[in-house]
Amino acid sequence: MRYPSVLLVVTAYILGASAAPGVTSARSFAEAPCDAWSDECREVITANACFAAYVPSKNKTQILECVDVDDPVVAERKICACYGCSEKTVQDYATADLGCH
Ligand SMILES: *[C@@H]1O[C@H](CO)[C@@H](O)[C@H](O)[C@H]1NC(C)=O
């Protein structure tokens, strides 16, 4: 499942680029946080296939283990910092169920 991850990174890059100084008009829809090239977000981006499997069931344990198998606190922090790198369903889960904002 490499291809969807690559697509997401490219999408995130385009969103990031459109938010660059001088291009302000596209900023308003890019509210969800995502720094696609940061260490903080790498696991969130690579976890997308895992999220797709577990977010529909909203099993928090499994969802957090998608990002960090050992430390749910770190996993939650990374999701909250980077959920903009993920699909809409994951973004909704992050804001509604994890309480990220
Ligand atoms: C959530 O996933 C964990 C780990 O796989 C499992 O032990 C637990 O029973 C699941 N909880 C629910 C509510 O399905």
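Points to keep in mind about this one:
- Cβ pairs under 9 Å, 6+ apart, first in region 52-71 and under 14 Å from Ser86 (Cβ atoms), second at pLDDT 95 or above and of a type in the set (Phe, Trp, Tyr): Val55/Tyr93; Ile63/Phe51; Ile63/Tyr54; Ile63/Tyr93; Cys66/Phe51; Cys66/Tyr54; Val67/Phe51
- Restricting attention to region 34-52 and to residues that are farther than 22 Å from His101 by Cβ and of a type in the set (A, V, I, L, M, F, W, C), the residue that is nearest to the ligand (Cβ to nearest atom) turns out to be Cys50.
- Only one of Val55, Val74, Val69 that is more than 16 Å from the ligand (Cβ to nearest atom) and either in a helix (DSSP H, G or I) or modelled with pLDDT of 95 or more (or both): Val74
- Qualifying residue in region 83-97 (condition: more than 12 Å from the chain's Cα centre (by Cα), more than 14 Å from the ligand (Cβ to nearest atom) and within 22 Å of Glu31 (Cα to Cα)): yes
The values are calculated or read from the model by the stated rules, or taken from the named source; none is laboratory data. What you see is a predicted model; the values in this text were computed from it and never measured. Methodologically, a virtual Cβ is constructed for each residue, glycine included, from the backbone with ideal geometry; neighbour enumeration extends over all protein chains shown.
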